[in-house]
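Peer 1: Structure in structure tokens, see below.
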Amino acid sequence: MNISTRISSINAGGSDGWDLYRRARALKEAGAPIVELTIGEHDIRTAAPILQSMHEVALAGRTGYSAIQGIRPLRQSVADRIATATGVPTTADNILITPGGQFALFSAHAAACDPGDRALYIDPYYATYPGTIRSVGAIPARVMASAQSTFQPSAADIEAVVKAGPPPRSLLINSPNNPTGVVYSRETFEGIARVCTDNDIWLISDEVYDTQVWDSAHLSPRALPGMAERTLVVGSLSKSHAMTGSRVGWVCGPAEVIAAMTDLATNTTYGLPEYIQAAAVFALAQGPDFEAEIAAPFRRRRDIVIDLLARQNVVKAVPMQGAMYVMLDIRATGLSGDAFAEALLDATQIAVMPGESFGTAAAGHIRVAMTVEDATFAEALAQVLAFAGKLAA
Ligand code: PMP
């Protein structure tokens with residue numbers, strides 16, 4: 001039997017970029033002492049009180065079908081959190097609860113794009129982006145954000161891709177950014193907003209790292225003038241509350257679009273388990289101090305990186321402004337990110353992601369996830385830098 005083109009072309013026939021990760025995992029499973037600085041998974045587990053609340057709600061019998069758009073208290077908590085952070089009036093009607101930010105990304109593209117429409121995204125990009133766009137039958141169109149502009153996408157470059165083909169329907173952005181660790185400046189956001197308004201494009205703003213911003217306050221482009229009506233914000237408790245496995249995310253957008261997306265949820269996911277939604281309400285009620293506590297290890301480890309980088313001059317930093325990753329420029333070694341990561345794994349048993357796994361703009365870079373405890377992290381990073389130093393010598 002044939003399978004549909006839509007499904008069989010999700011990865012465009014190529015590698016999904018995770019070859020090194022899989023090799024490191026296989027070595028680890030075979031007993032090798034691999035230090036994994038690859039995926040965006042906290043080294044702590046979901047806090048026990050959150051799991052306790054999940055358990056109690058389930059035992060109390062709330063184990064049946066739940067509200068498909070999301071239970072009102074959860075939508076209200078998410079709306080209040082967004083309104084407080086951004087100043088944009090936001091109600092429970094602006095929120096659809098989804099199984100993770102990933103399904104929020106799918107839902108947002110399904111709402112914005114018809115099959116065959118162009119959907120823009122920025123390179124370097126989070127690994128699933130082009131596949132998510134293809135999953136709704138749209139055509140991914142890439143805008144490069146170059147290393148020399150510190151991975152801030154320029155309005156002129158976005159505009160050029162807009163004009164290079166049929167009018168696109170959406171632009172997907174991500175700040176704080178995975179994989180680069182860069183936070184978009186106000187100027188970058190204003191340029192993006194201008195292009196979206198001038199060309200009548202939906203902005204899909206992936207803000208799943210909104211609590212991991214080191215030098216400034218998180219900026220949401222939905223708060224810029226005229227943008228609330230054309231922005232779909234993707235959020236999640238995965239990173240902010242160390243709840244990756246609970247699969248709680250959301251889309252925030254205009255009420256009529258959220259209503260239409262709820263039809264999609266009715267015919268796909270049928271909503272989230274109520275005990276998980278109730279635990280999400282509990283988690284959000286812990287407030288900003290709890291979120292700061294979950295983010296703190298990444299802030300500390302980023303300071304470790306800054307300190308170690310200052311002691312050498314081969315590996316160059318990309319501004320380390322947010323999210324649980326740092327991107328390091330290893331071009332002085334003469335190797336590609338792919339070759340460097342492979343050689344590093346062989347020589348040191350440390351696994352990092354090649355920049356090339358995230359598109360072409362981050363070639364010659366490696367992405368280091370700051371997801372092991374501080375002392376191990378510092379030791380591993382020192383080895384990465386020593387390895388680069390040896391290659392360059
Ligand atoms: N967006 C970005 C940029 C991510 O890095 C991730 C997960 N690594 C997601 C979305 C999806 O996260 P989740 O589905 O767990 O919310």
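The values are calculated or read from the model by the stated rules, or taken from the named source; none is laboratory data. Quantities reported herein were computed from a predicted structural model and do not represent experimental measurements. Cβ placement follows ideal geometry from the backbone for every residue including glycine, while neighbour counts extend to all protein chains displayed. Heavy atoms of the whole protein, side chains included, go into the accessibility calculation; ligands, DNA and RNA do not. Shrake-Rupley method; radii C 1.70, N 1.55, O 1.52, S 1.80 Å.
Peer 1: Where does helix 255-266 land angle-wise versus the long Cα axis of the chain, in degrees 0 to 90, nearest 10?
Peer 2: Taking the Cα atoms of the chain, the angle to 255-266 is about 80 degrees.
Peer 1: In sequence order, what are the phi-derived ³J(HN,Hα) couplings for the stretch 94-106 according to the Karplus relation 6.51 cos²θ - 1.76 cosθ + 1.60 with θ = phi - 60°, rounded to whole Hz, with x for glycine and proline?
Peer 2: 8, 10, 10, 7, 10, x, x, x, 4, 6, 5, 4, 4
Peer 1: Let me ask something else about it. Given Cβ point charges of +1 (Lys, Arg) and -1 (Asp, Glu) and nothing else, what value in debye, to the nearest 20, does the dipole of the stretch 190-254 about its Cα centre take?
Peer 2: Working: 5 positive and 8 negative charges, 49 e Å.
I would put it at about 240 debye.
Peer 1: How are the C-alpha pair distances of the stretch 201-348 spread across 5 Å bins, as whole percents from the shortest bin up?
Peer 2: Histogramming the stretch 201-348 at 5 Å steps yields 2, 8, 12, 15, 15, 14, 12, 9, 7, 4, 1, 0 percent.
Peer 1: Heavy atoms only, probe 1.4 Å: what % of the accessible area of the stretch 1-113 goes to carbon and sulfur, would you let me know? Intermediate values should be presented prior to the final figure.
Peer 2: Values: 3490 of 6030 Å².
So the carbon and sulfur contribution to the accessible surface is 58 percent.
Peer 1: Here's a follow-up. Express the carbon and sulfur contribution to the solvent-accessible surface of the stretch 316-373 as a percent, rounded to the nearest whole number, probe 1.4 angstrom.
Peer 2: On the way: 800 of 1550 Å².
Exposed carbon and sulfur together represent 52 percent of the surface.
Peer 1: Please compute, for the alpha-carbon atoms of the chain, the extent along each of the three principal axes and give them in descending order in Å.
Peer 2: 60, 53, 52
Peer 1: Let a ≥ b ≥ c be the square roots of the eigenvalues of the Cα gyration tensor of the stretch 125-175; is it rounded (a/c under 1.5), or, if not, prolate (a/b larger than b/c) or oblate? If you can, show how the numbers build up before the last one.
Peer 2: Details: a/c = 2.56, a/b = 1.27, b/c = 2.02.
Oblate.
Peer 1: Give a residue-ordered list of calculated ³J(HN,Hα) values for the stretch 169-176 (Karplus: 6.51 cos²θ - 1.76 cosθ + 1.60, θ = phi - 60°; whole Hz; x for Gly, Pro).
Peer 2: For the stretch 169-176, the Karplus-derived couplings read 9, 8, 10, 9, 10, 8, 9, x Hz, x marking Gly and Pro.
Peer 1: Then there's this: Volume per residue, Å³, of the convex hull around the alpha-carbon atoms of the stretch 202-280? Mind showing how you got there, number by number?
Peer 2: On the way: hull volume 8.2 nm³, N = 79.
In the stretch 202-280, the Cα convex hull volume per residue is 104 Å³.
Peer 1: Once you have a ≥ b ≥ c as the square roots of the Cα gyration tensor eigenvalues for the stretch 63-286, tell me rounded if a/c is under 1.5, and otherwise prolate or oblate according to whether a/b is larger than b/c.
Peer 2: Details: a/c = 1.76, a/b = 1.41, b/c = 1.25.
Cα axes put the stretch 63-286 in the prolate bin.
Peer 1: Just the Cα atoms of the stretch 313-358, one point each, no solvent: what log10 I(q)/I(0) does Debye give at q = 0.14, 0.17, 0.33 Å⁻¹?
Peer 2: Log10 of I(q)/I(0), two decimals: -0.34, -0.51, -1.25.
Peer 1: Roughly how many Å² is the accessible area per residue of the stretch 63-286, as a whole number, for a 1.4 Å probe?
Peer 2: Working: 7900 Å² over 224 residues.
So the stretch 63-286 comes to 35 Å² accessible per residue, rounded to a whole number.
Peer 1: Rounded to the nearest 500 deg cm²/dmol, what is the calculated helix-only ellipticity per residue at 222 nm for the chain, with -39500 (n - 2.57) per DSSP H run of length n ≥ 4?
Peer 2: Numbers: 13 runs with 163 residues, N = 393.
It comes out at -13000 deg cm²/dmol, rounded to the nearest 500.
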